[in-house]
Ligand SMILES: [Zn+2]
């Protein structure tokens with residue numbers, strides 16, 4: 001592995017703008033880079049369906065059929081401000097110039113992957129089939145991954161290279177979440193003259209919340225009422241009341257059950273008082289719970305240990321493409337990729353971590 005070349009590659013990649021929606025220039029550049037490594041690269045038709053000027057980019061390089069085919073997934077898009085990134089290579093880290101993000105999320109893993117493959121080729125290592133999936137629109141709702149047809153893949157062991165943390169660690173669980181925005185519409189009336197003619201939306205909402213299972217539901221499920229507002233004045237029976245809720249769980253069926261209980265509490269109170277209930281329900285992504293006996297986890301462990309790293313498995317609070325691919329039946333794992341303070345202008349990556357990630361990816365391919 002050549003560190004200078006890896007740093008060079010990384011700084012080149014981050015200088016090709018690819019904010020969500022405008023990934024095409026970067027994707028086209030990557031296509032060329034992977035073709036040079038012997039991959040067959042093709043765009044899918046996601047651009048026709050998701051908010052992006054580019055499709056997802058998929059590639060395969062067939063190798064030793066006796067080895068486990070491995071799939072690496074990264075996303076093409078970055079958050080804002082991601083235009084005109086000027087990477088600064090300091091002694092121990094790479095930063096932006098402070099006016100933009102760095103885009104180590106998710107270009108550090110991409111550079112690491114390229115260097116890993118190049119280095120294996122240079123040492124004429126016999127490796128198995130390698131597949132790559134570069135998705136669009138991850139940062140704005142995993143649009144590309146949702147659209148990607150996983151039946152294209154030869155392998156089912158997928159490393160989603162997209163997480164903070166020191167290389168050697170990996171994420172094996174991520175919750176699913178739902179948000180509810182509820183509005184109760186009652187009937188206003190003068191609170192002193194004719195309160196009996198009013199329907200207090202605040203009272204309806206209060207009763208709904210009082211009857212709702214909230215906070216810690218069980219060891220993998222939580223729920224909360226986060227905000228409440230409504231009413232106008234003390235002498236008016238409140239016509240409107242609005243509240244926002246969330247629920248999270250590591251299990252989809254538990255989340256569904258919790259959301260149902262919350263909505264039923266709202267409906268019951270609203271029916272009792274004769275008010276009107278409107279709600280919006282948003283489920284963001286499916287949960288991720290990786291089976292630790294999966295081939296992907298085993299391979300990761302073997303590779304990390306062979307490099308003297310201590311593999312460590314943790315959970316995260318958010319979702320990524322991995323949640324989507326797991327739902328589609330792939331055996332995913334999210335290795336930590338060293339990116340730090342991502343989604344901010346303070347984002348950086350330690351050169352040591354960039355290098356460790358590339359060695360780890362190299363080892364994963366080698367030991368597959
Ligand atoms: Zn990311």
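Summary table below
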read-out	value
Residue, surrounded by the fewest Cβ atoms within 10 Å (Cβ to Cβ), within segment 38-88, restricted to residues that are within 20 Å of the chain's Cα centre (by Cα) and assigned to a helix (DSSP H, G or I)	47
Within segment 258-296, tally of residues that are outside the structural domain of residue 169 (by TED's automatic domain parsing) and in a helix (DSSP H, G or I)	16
Hits in segment 39-56 (condition: away from the ligand (no atom under 16 Å from the Cβ), under 22 Å from residue 115 (Cα atoms) and either modelled with pLDDT under 95 or touching a helix residue (DSSP H, G or I) at 6+ places or on another chain (Cβ under 8 Å) (or both))	41
Residues (surrounded by 24 or more Cβ atoms within 10 Å (Cβ to Cβ) and more than 14 Å from the ligand (Cβ to nearest atom)) located in segment 333-354	333, 353, 354
Residue 319 being in contact (Cβ under 8 Å) with a residue 12 or more places away in the chain, surrounded by 17 or more Cβ atoms within 10 Å (Cβ to Cβ) and either part of a loop (DSSP other than H, G, I, E, B) or not assigned by TED's automatic domain parsing to the domain that holds residue 347 (or both)	yes
Test result for residue 155, part of a loop (DSSP other than H, G, I, E, B) and either within 16 Å of the ligand (Cβ to nearest atom) or not assigned by TED's automatic domain parsing to the domain that holds residue 74 (or both)	no
Residue check for residue 299: part of a helix (DSSP H, G or I), touching a residue at least 60 places away in the same chain (Cβ under 8 Å) and more than 16 Å from the ligand (Cβ to nearest atom)	yes
Segment 302-316, residues that are away from the ligand (no atom under 16 Å from the Cβ) and either out of contact with any helix residue (DSSP H, G or I) (no Cβ under 8 Å at 6 or more places or on another chain) or outside any loop (DSSP other than H, G, I, E, B) (or both)	302, 303, 304, 305, 306, 308, 312, 313, 314, 315
Single residue of 182, 247, 238 found to be crowded, with 18+ Cβ neighbours inside 10 Å, under 24 Å from the mean Cα position of the chain (by Cα) and either modelled with pLDDT of 95 or more or over 30 Å from residue 363 (Cβ atoms) (or both)	247
Test: residue in segment 135-144 that is more than 16 Å from residue 365 (Cβ to Cβ), assigned to a helix (DSSP H, G or I) and within 16 Å of the ligand (Cβ to nearest atom)	yes
Filtered residue count, segment 90-134, keeping only those that are surrounded by fewer than 23 Cβ atoms within 10 Å (Cβ to Cβ) and part of a strand (DSSP E or B)	4
Selected residue [in contact (Cβ under 8 Å) with a residue 40 or more places away in the chain, surrounded by fewer than 15 Cβ atoms within 10 Å (Cβ to Cβ) and under 24 Å from residue 291 (Cα atoms)] from 149, 218, 253, 162	149
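Every residue, every condition in (1) closer than 13 Å to residue 143 by Cβ; (2) in the same structural domain as residue 333 (by TED's automatic domain parsing); (3) in contact with a strand residue (DSSP E or B) (Cβ under 8 Å, 6 or more places away or on another chain), yes or no:
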site	(1), (2), (3)
39	no, yes, yes
43	no, yes, yes
49	yes, yes, no
54	yes, yes, yes
60	no, yes, yes
66	no, yes, no
69	no, yes, yes
74	no, yes, yes
77	yes, yes, yes
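The values are calculated or read from the model by the stated rules, or taken from the named source; none is laboratory data. The structure displayed is predicted, hence computed values, not measured ones. Please note: Cβ atoms are built from the backbone with ideal geometry, for glycine as well, and neighbour counts cover all protein chains shown.
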